[in-house]
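The values are calculated or read from the model by the stated rules, or taken from the named source; none is laboratory data. Values in this document were obtained by computation on a predicted structure and should not be read as measured data. Here the Cβ positions follow ideal geometry from the backbone for every residue, glycine too, while neighbour counts run over all protein chains shown.
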Amino acid sequence: MSLDTRSGQAVGSTSALGDTFYPLYESLFDDEGDFVAGVENKLAQARMPQNVELFLSRALGVGALAGLTLWIVGSLLGYLVFALFLPDAPVLLGVAESAIPPILLQLKIPFLVFVTGIVFGLIGFGIGFGSLVSIPYFRAGARKREINVLLSDSISFMYALSVGGLNQLEILQAMARADDTYGEVSKEFQSIVLETEYFDTDYRTAIRNQALQTPSDELAQFLTDMLSIVDSGGDMTGFLEDQKEKHMRTAKQEQEMVLETMELFGEMYMTLSLFPLLLIIILVIMSMMGDSQQFLLLGTVYGLIPLTGVGFLVLVSTVTQDEIGDGYLRPEGSRDDVVVREGLDVLNLGLVEKYTDDRGVFEKIKGRERSHELSAILRKPHVFFRDNPTVVLGLTIPVSIVAVVLSVLYGFAPLSPEGFVDNPVGATFFWFYVPLYLNFVPLMIFYEWNVRARRGVVSQLSENLRKLSSANDTGMTLLESLSVVAETSSGKLSDEFETMYAKVNYGTNLKDALREFNNKYHIPRLARTVKLISKAQEASSQIEDVLTTAAQASENQDDIDRDRKSRTRMQVVIIIMTYLTLLGVMALLKTQFLDVMSGLANQVGGGGGSSAAAGGGQFGSNVDTGLLSVLFFHAVTLQAVLSSFIAGYIREVDLISGVKFAVILPTIALVTWMAVG
């Protein structure tokens with residue numbers, strides 16, 4: 001029976017499909033074979049609670065249905081092609097039709113239709129079966145990637161717990177409960193804890209089993225080494241400290257490999273981005289020679305350039321390491337007095353949501369709370385948009401639509417291709433640049449403001465953690481250390497320390513104050529540091545070793561970020577310079593080649609019709625310079641937008657960070673074409 005969490009009807013239908021094709025599974029696959037064992041292992045690594053036999057049976061069913069569908073489509077397509085459009089082609093095996101018996105000639109079309117259907121059917125089966133079977137492989141790969149990214153911080157967390165006096169089993173349980181911060185690593189430890197609690201397995205065996213099942217080789221090696229320490233009764237704190245140092249170095253080495261790959265991609269992008277330019281030049285020359293290539297030009301500008309940019313962006317996303325987690329810390333257990341307000345405050349009313357009833361007074365309370373949140377937004381809308389920069393698009397998109405409609409009504413934005421040919425810069429400005437500026441400029445301002453505000457907290461984190469450790473080492477409690485650091489430091493983080501100190505003095509629990517501080521900025525890196533400190537201070541107020549560990553982890557992340565920004569800065573420069581080179585070549589092609597050749601053709605055409613008749617047409621006489629100017633301008637504009645988002649993603653691993661480039665580079669293209677177009 002399937003353990004899928006979808007609706008009962010969907011689960012029943014997929015189970016029925018698996019049951020139907022189970023005999024086919026038994027005839028095709030060996031239960032003890034490598035393929036079945038590999039799929040079963042990937043299902044476990046992907047945490048997909050499905051039986052491998054029914055999973056593969058269902059995949060066979062999906063493949064059969066997809067194959068049948070494409071077989072019908074392929075047969076119909078083959079009939080249309082060979083029976084209606086190409087009844088005399090192809091010749092079988094290169095043999096002339098006169099040498100083929102008439103009965104074989106009669107069977108040629110049905111045979112070709114049959115072969116076409118079979119080929120399409122096999123392709124459909126491969127797509128259907130392969131797509132379903134590949135799901136656990138992709139999910140296991142994604143989990144492996146996240147585990148490897150978070151493993152260094154997870155080991156630091158376990159080391160802090162060990163320093164705080166927790167025993168081995170308590171460390172495992174604490175890691176299992178920290179899934180809001182350590183994600184997939186925590187889920188691996190959840191499997192260990194659940195196996196010991198519900199299957200009556202000792203935790204040594206559970207660790208051994210999880211080491212064999214985890215998708216991450218690094219975590220498997222860590223669990224194996226940890227098991228040897230547990231079995232031998234060795235020093236767990238010393239072991240975790242050594243592993244912490246080792247995996248910090250490993251994180252830097254992996255970042256180095258990623259950056260080297262990014263440098264290779266930067267060189268690759270130069271070639272890929274220049275390919276459409278070379279193709280456009282070739283097509284223009286062919287058009288001047290009398291061979292019209294208008295359709296290929298349109299396909300290159302509006303098809304090949306976007307596909308090349310999007311494809312490269314997808315390729316880069318497979319290599320770069322995204323920030324793991326949402327950055328929010330949630331209270332352990334069920335607490336009615338605490339609600340983590342994620343997302344828009346006006347949509348998440350916090351504790352008010354917990355007090356609901358059929359009586360109207362509760363609806364009135366919720367309405368008053370929502371009105372209070374709305375009034376706070378209206379009093380300081382800039383702060384709201386700073387904290388939620390993408391929400392500004394909810395205002396700017398309708399405004400941009402209205403602006404485009406007004407441009408059409410007043411005749412500034414033409415609706416026909418001839419209007420673009422007559423005024424390429426003006427038409428493109430009102431159709432493309434006006435929405436771009438109306439949407440991207442506010443988004444750029446509020447996003448960069450948001451980034452700077454959040455970065456102001458993290459920039460001094462390592463230094464302030466060192467100060468906290470030094471103050472705590474003198475005998476001060478963590479709360480007293482926060483007060484001392486707040487008085488002797490400057491910046492946003494010291495202000496937050498002062499706020500936390502005041503909250504605790506007014507009765508707030510220190511752990512709650514730390515969580516509220518973290519959730520205000522919800523930065524994943526900050527969340528892992530706060531989680532480590534708040535968990536350690538539960539055991540003791542003297543946590544100088546824990547604070548030192550947090551400072552080391554933060555400094556290691558600072559080094560990684562600094563190296564990444566230094567190396568990716570070069571890639572961004574390469575992308576921008578490549579685009580500027582492309583823009584310059586396109587501008588020169590417009591002014592020094594296209595216009596000159598068109599003028600020469602007009603001079604030759606006006607010089608005498610006899611020579612034209614003798615020559616059968618002049619070089620460049622068929623070129624529509626107005627259309628080509630539009631295509632060139634649109635090509636450099638599309639390339640500007642795509643290069644901007646690629647540069648932003650490489651720089652910050654965030655598409656929105658490319659908005660600032662998406663404002664600057666198209667503006668350069670606009671100014672250039674105003675001069676040459």
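Looking at the stretch 496-513, is at least one residue touching a residue at least 40 places away in the same chain (Cβ under 8 Å) and either under 25 Å from A174 (Cα atoms) or crowded, with 17+ Cβ neighbours inside 10 Å (or both)? Within the stretch 496-513, one or more residues are touching a residue at least 40 places away in the same chain (Cβ under 8 Å) and either under 25 Å from A174 (Cα atoms) or crowded, with 17+ Cβ neighbours inside 10 Å (or both). Total residues in the stretch 276-293 satisfying the condition of being in a helix (DSSP H, G or I) and surrounded by 14 or more Cβ atoms within 10 Å (Cβ to Cβ): the figure is 11. Of all residues in the stretch 131-170, those satisfying the criterion of being free of Cβ contacts under 8 Å to residues at least 40 places away in the same chain and either within 21 Å of A553 (Cβ to Cβ) or touching a helix residue (DSSP H, G or I) at 6+ places or on another chain (Cβ under 9 Å) (or both) are A142, S154, N167, L169, E170. Applying the set (1) surrounded by fewer than 18 Cβ atoms within 10 Å (Cβ to Cβ); (2) closer than 22 Å to T181 by Cα to E487 leaves exactly one unmet item: (2). Flag not set for L76, criterion: modelled with pLDDT under 75, part of a helix (DSSP H, G or I) and more than 30 Å from V36 (Cα to Cα). Assess whether T214 counts as being at pLDDT 85 or above, touching a Leu at 6+ places or on another chain (Cβ under 8 Å) and farther than 24 Å from Q552 by Cα. Yes; evaluated as a whole, the condition is true for this residue. Within the set F199, F157, the sole residue that is closer than 21 Å to V230 by Cα and surrounded by fewer than 20 Cβ atoms within 10 Å (Cβ to Cβ) turns out to be F199.
Any residue that is more than 34 Å from the chain's Cα centre (by Cα) and either assigned by TED's automatic domain parsing to the domain that holds D153 or not aliphatic (A, V, I, L, M) (or both) - is there at least one of those in the stretch 275-288? Within the stretch 275-288, one or more residues are more than 34 Å from the chain's Cα centre (by Cα) and either assigned by TED's automatic domain parsing to the domain that holds D153 or not aliphatic (A, V, I, L, M) (or both).
Scanning the stretch 218-244 for residues that are more than 14 Å from M158 (Cα to Cα), part of a helix (DSSP H, G or I) and without any contact (Cβ under 8 Å) to a residue 12 or more places away in the chain yields A220, Q221, S228, I229, S232. Residue pairs whose Cβ atoms lie under 6 Å apart, sitting 6 or more positions apart in sequence or on different chains, and linking a residue in the stretch 40-58 that is hydroxyl-bearing (S, T, Y) and part of a helix (DSSP H, G or I) to a partner that is modelled with pLDDT under 90 and surrounded by 19 or more Cβ atoms within 10 Å (Cβ to Cβ), are S57/G18; S57/F21; S57/Y25. The test for being exposed (fewer than 14 other Cβ atoms within 10 Å of the Cβ), of a type in the set (A, V, I, L, M) and either modelled with pLDDT of 85 or more or over 19 Å from Q168 (Cβ atoms) (or both) does not hold for M226.
Put simply, of E267, E197 the only residue that is within 30 Å of M570 (Cα to Cα), in a helix (DSSP H, G or I) and acidic (D, E) is E267. Scanning the stretch 160-175 for residues that are of a type in the set (A, V, I, L, M) and surrounded by fewer than 20 Cβ atoms within 10 Å (Cβ to Cβ) yields one hit, L169.
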